[in-house]
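Q: Structure below; questions to follow.
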Amino acid sequence: MTTATIFVCISCRRSSGDDEESSDQPGRGLVETIGARLRGDGRGGVAVTGVECLAVCTRPCTIALSGANKWTYLIGDLDPDRQVDEIVAAARSFAASENGIVPWHERPASFRKGVIARVPPLDHKELL
Ligand code: FES
């Protein structure tokens, strides 16, 4: 059963050369790499899908972690070549959590640095 989805922006462009014309879209490969990792190691309740712009276009790679009744996290500045293990591990911790909030000390450094926003679940009631 899927309890968390990693949404990866596949539209972000990253400079890949000296001239402004050279760029790639690293999110496309990241979706494939994460998908292969999940198929190989067991999904752990996690799915991955590519999406168009997450509105943080200057901070590729950008992902959102989302799940029913969980806080949604938007995270940027992820390295698609070196941080796949961290992304998958964080998504599994997110999936296993009750409300999507993973304790700070359990989050990989890339997530601590790259968090752009967190958004409460639809039925969230703040304690005032
Ligand atoms: S194009 Fe990726 S966040 Fe906008």
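Q: Got at least one residue in segment 117-127 being basic (Lys, Arg), buried (at least 20 other Cβ atoms within 10 Å of the Cβ) and not in a strand (DSSP E or B)?
A: Within segment 117-127 (the criterion being basic (Lys, Arg), buried (at least 20 other Cβ atoms within 10 Å of the Cβ) and not in a strand (DSSP E or B)), the answer is no, since none of the residues qualifies.
Q: Could you please let me know if residue 49 is among the polar types (S, T, N, Q), under 14 Å from the mean Cα position of the chain (by Cα) and more than 19 Å from residue 72 (Cα to Cα)?
A: no
Q: If you don't mind, another one. For segment 24-70, name all the residues that are touching a residue at least 60 places away in the same chain (Cβ under 8 Å) and part of a strand (DSSP E or B).
A: Scanning segment 24-70 gives 65, 66.
Q: Taking only pairs six or more apart or across chains, which ones have beta-carbon atoms under 8 Å, a first residue in segment 109-128 that is touching a residue at least 24 places away in the same chain (Cβ under 8 Å) and closer than 24 Å to residue 76 by Cα, and a second residue that is of a type outside the set (A, V, I, L, M) and assigned to a helix (DSSP H, G or I)?
A: Note: pairs meeting the criteria are 110/86; 111/86.
Q: Oh, and also: Among what's in segment 56-78 and is of a type in the set (D, E, K, R) and either modelled with pLDDT of 95 or more or more than 11 Å from the ligand (Cβ to nearest atom) (or both), pick the residue that is most open to solvent (accessible area, probe 1.4 Å).
A: Result: 77.
Q: Across segment 4-23, what is the total count of residues that are among the aromatic types (Phe, Trp, Tyr) and touching a helix residue (DSSP H, G or I) at 6+ places or on another chain (Cβ under 8 Å)?
A: So the count comes out to 0.
Q: Now a separate question. Give segment 2-16 a look and list any residue that's farther than 21 Å from residue 68 by Cβ and assigned to a strand (DSSP E or B), or say none.
A: Of everything in segment 2-16, those that are farther than 21 Å from residue 68 by Cβ and assigned to a strand (DSSP E or B) turn out to be 9, 14, 15.
Q: Can you pull out the residues in segment 93-109 that are more than 18 Å from residue 38 (Cβ to Cβ), surrounded by 11 or more Cβ atoms within 10 Å (Cβ to Cβ) and of a type in the set (Gly, Ala, Ser)?
A: Within segment 93-109, 100 is the sole residue that qualifies.
Q: Those residues that are open to solvent by less than 50 Å² (accessible area, probe 1.4 Å) and within 10 Å of the ligand (Cβ to nearest atom), I need them from segment 27-55; list them, please.
A: Once the filter is applied, which keeps residues that are open to solvent by less than 50 Å² (accessible area, probe 1.4 Å) and within 10 Å of the ligand (Cβ to nearest atom), segment 27-55 yields 27, 51, 54.
The values are calculated or read from the model by the stated rules, or taken from the named source; none is laboratory data. None of these values were measured; they are calculated from a predicted model. With ideal geometry, Cβ positions are generated from the backbone for all residues, glycine too; neighbour counts draw on all protein chains shown. Just so you know, the surface numbers come from the protein's heavy atoms only, side chains and all, with ligands and any DNA or RNA stripped out. Shrake-Rupley method; radii C 1.70, N 1.55, O 1.52, S 1.80 Å.
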